[in-house]
Each structure stands twice: as structure tokens, then as C-alpha cells.
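Trainee: There's a structure below that I have some questions on.
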Amino acid sequence: MKIEGQTALVTGGASGLGEATARELARLGAKVAVLDRNAALAEKVAAEIGEEFGKGRAVACVCDITDTDSVNAALDKAEAAHGPARILMNVAGIGSAKRIVGKDGNPAPLEDFVRVVNINLVGGYNMARLFAARCAKLATLDNGDEKGERGVMLFTASVAAFDGQVGQQAYSASKGGLVGMTLPMARDLAQHAIRVCTVAPGLFATPLLLELPEPVQHSLAASIPFPPRLGKPSEFAELACHVVTNGHLNGEVIRLDGALRMAPR
């Protein structure tokens, strides 16, 4: 699918990997909806995209991906501003690190596990189902193939889905769920000509990671075989956009980690 002229939705688009993806989509000619719970940051990113790539190129949409009414309201706002969306970048998510049995001998709070899985996995599915239902009603694109496509969606997992560390049970379970959902969802949506892929990033220079002390950042970077540095959000964004433009990528999970395999701790 050609990105230019298409309407794209980016969850978690106000910061980190989501912000980089929103900016790259705009650079490639898409009309972007920046979906995020942080209204002020979403407005800021949308305004900056408009200043750089043209007024009206981006719209900010407050969105809680776990809430159906909130998602539908965001999709309605994006469609009113830019037309029906054919691209969904599911980037929103949260992290957590709690040992199942704490140093005090008490079990980890169940609420923490439920919260992480609800946002990362259930929220991702909720966003996907509501986007797909709308996208399935659109006409197929004329891209020269015998049967054109209608849309593309991307999930953001993590290398923790495969080699999670101590205390990452909730995070790994949520991201592993996205990995496990990718192929069956791609098969399910094949009848509607909608492709589904997932990117599993390793250690990236996101605002959250950059808050760590510099010695910790250097230590993390040194653990990556090659290149021995933190990933750049722009590299994630470039891969995410390539998935959109490469019509034969479907049902696949792509690790983007410099050959990193996480140690137990």
C-alpha cells in the first residue's frame, strides 16, 4: 500500500516510538491521527507535524484504547478530519516489573498483572477490532494486483515476549499475547484484504529509558551484539512504514533488536 494520501492512526502517538511513527508517516505523505491519553502532548505533536508537513496534516485524538466509546470517538474524529483510515499503528502500551513473590514474601498484586494485560493486550485487540470493522467496509485499493488490499495494521510487541526478564511476567504475557494473536488475526482478516504484522523491538532510546542513569543506559547498550547501541525510534518508525508498503508482509512478527537476547535479569 502506498502511504501517501492515506489516513493513518497511531496509538501512543504523543511520545516515544509512537511519536516517531506518526512523524514518519506524515513525512511519507499520510494524514495522521495522533491517538493518546495525554491530550496536551497529542496536541503538541499534531501541531508540530502540521507546521513541518502542512496545516491539517495531523489531528490529535484523546483515546483510551481499553474503552470502546473512547476509541470510537477517536476514530470518528480522525475520519471527520482526514477520511476513513486504512493504516493502524498500535504502539500504545505500558511496562511493569514485579516479582511474583516480593522480598517481603507477599504475592505480587493481581491488579498490576490485570492492568498491564488489559492495556497492552486487550486494549490492542479492542483497537484492532474497531478499526478492522470500519476498514472492511471500504473499497479495495487499485494497486495493480488481481485483488487489492483494504488496510494494514501493526502491533508493537517486545523481545520480552520471547525472553522476558525476572519480574516481567505481566509485560511478557501481554506482549506474548500480541505475538500469538498476529497470525490468526491475519488469517481472519485475509477475507477482508487487511494485513496484520507485529514488530518486537528490543532496547530503544525512548523517553522512559532515557530517564535511567547514564551508566545504566551504557550498560544496556553494551549488551546489544551489533550495533552496540540503543535503537533509534526512527528505526522502528521506518520498519513500521515498510510493513505498510510491502504487500507480501502478512502474519509475521519481526524482531528489531540488534541480535539482542535478554538475560534473566
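Here, each number is a calculation from the coordinates, and none is a lab measurement. These numbers were taken from a predicted model, which means no experiment stands behind them. For neighbour counting, all protein chains shown are included, and Cβ atoms are generated from backbone atoms with ideal geometry for every residue, glycine included.
Trainee: So what's region 158-265 giving for Cα Rg divided by 2.2 N^0.38 Å, two decimals?
Mentor: Dividing the Cα Rg of region 158-265 by 2.2 N^0.38 Å gives 1.17.
Trainee: Using only Cα atoms, locate the centre of region 171-202 and the centre of region 68-111, then give the distance between them in Å, rounded to an integer.
Mentor: So the separation of the two Cα centres works out to 15 Å.
Trainee: Tell me which residues come under 5 Å, amide H to amide H, from Ala60 once H is placed; ignore anything under 5 positions away on its chain.
Mentor: Answer set, sorted by chain and number: Val34.
Trainee: Starting from the coordinates of the alpha-carbon atoms of region 16-157, obtain the Kirkwood hydrodynamic radius over all distinct pairs and give the value in Å to one decimal.
Mentor: 16.6 Å
Trainee: Rounding to the nearest 10 and keeping the result within 0 to 90°, find how far the Cα-based axis of helix 123-135 lies from the longest principal axis of the chain.
Mentor: The two axes meet at around 10 degrees.
Trainee: I've got another one for you. DSSP beta bridges in the chain, what fraction antiparallel, as a percent rounded to 5?
Mentor: Beta bridges within the chain, antiparallel portion: roughly 5 percent.
Trainee: Suppose a student asked you for the relative contact order of region 7-256, using Cα pairs under 8 Å spaced at least 6 residues apart; what percent would you report?
Mentor: In percent, rounded to a whole number, it is 19.
Trainee: Another question about this same structure. Which order do the peptides 43-54, 192-203 come out in when sorted by mean C-beta neighbours inside 10 angstrom, highest first?
Mentor: 192-203, 43-54
Trainee: Then there's this: Where does each of 131-137, 239-245 land if you order them by average Cβ count within 10 Å, highest first?
Mentor: Ranking, from highest mean packing down: 239-245, 131-137.
Trainee: May I ask for log10 I(q)/I(0) of region 7-256 at q = 0.10 Å⁻¹, from a Debye sum over the Cα atoms as equal point scatterers with solvent left out?
Mentor: Log-scaled intensity ratios, in q order: -0.48.
Trainee: A further question on this structure: On a full-extension model of 0.36 nm per residue, what is the gain between Ala40 and Glu238, subtracting their alpha-carbon distance, rounded to one decimal in nm?
Mentor: Between Ala40 and Glu238, full extension yields 68.7 nm more.
Trainee: Same structure, new question: Angle, helix 68-82 long axis vs. longest principal axis of the chain, Cα atoms, 0 to 90°, nearest 10?
Mentor: Tilt of helix 68-82: around 50 degrees.
Trainee: Per-residue counts of other Cβ atoms within 10 Å, averaged by peptide: what ranking do you get for 246-252, 123-129, 79-85, highest first?
Mentor: 123-129, 79-85, 246-252
Trainee: Let me ask something else about it. Could you compute the net charge surrounding Val196? Neighbours are other residues with a C-beta less than 11 Å from the C-beta of Val196; K and R count +1, D and E count -1.
Mentor: Every neighbour counted, the sum reads 0.
Trainee: Okay, moving on. Residue by residue through region 186-202, which ³J(HN,Hα) values in whole Hz follow from phi under the Karplus form 6.51 cos²θ - 1.76 cosθ + 1.60 (θ = phi - 60°), with glycine and proline marked x?
Mentor: Taking θ as phi minus 60°, the curve returns 4, 5, 4, 8, 4, 5, 9, 6, 10, 8, 9, 9, 9, 10, 10, x, x Hz for region 186-202.
Trainee: Kindly express, to the nearest 10 degrees and within the range 0 to 90, the angle between helix 233-245's C-alpha long axis and the longest C-alpha principal axis of the chain.
Mentor: 40 degrees
Trainee: Whole-Hz ³J(HN,Hα) for each residue in region 51-59, computed from phi via Karplus 6.51 cos²θ - 1.76 cosθ + 1.60 with θ = phi - 60°, x for glycine and proline: what do you get?
Mentor: Those phi angles translate into 5, 7, 10, x, 4, x, 6, 9, 10 Hz.
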